[in-house]
Amino acid sequence: MESSENNIIDHVHVYNNNSYGIYVGITNLYNMFNNIQSYNNNIGVYVYAARYNTFNNMQIYNNQSDGIYLAGTNNRHNIINNSQIYNNNDNGIDINR
């Protein structure tokens, strides 16, 4: 999802995709709760240039790259809370400008 605001993704299992589990780009006020991202062929959750997003009660595991990747200079005020991020091939959480 790109260039959107005030979205909620709740109780979703995203797995076994050819690229990212979820891509969030240039967004604000995005909320993800109680989701599972696993066995994706790239990053579990890719967040690009996004602000004021909340990731709560997430299970992110067994992805081919990072569990969560935050990229871009506009990434600000994002919260990752009460989540299990493990067994990804690269970083659990990668924050990069």
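What follows is calculated from the coordinates using simple rules that are stated; it is not laboratory data. Bear in mind the structure is a predicted one, so any value in this text is a computation, not a measurement. When we count neighbours, we look across all protein chains shown, and the Cβ atoms used for this are built from the backbone with ideal geometry, even at glycine.
General remarks:
- Region 5-96 - percent relative contact order, Cα under 8 Å, separation 6 or more: 25
- Among beta bridges identified by DSSP and lying wholly in the chain, the antiparallel ones come to about 0 percent.
- Taking other C-beta atoms within 10 Å as the exposure proxy, 23, 86, 69 rank 86, 23, 69 from fewest upward.
- From the coordinates shown, Rg and Dmax of the Cα atoms in Å corresponds to which of (1) 15.1, 54; (2) 29.7, 98; (3) 11.7, 31: (3)
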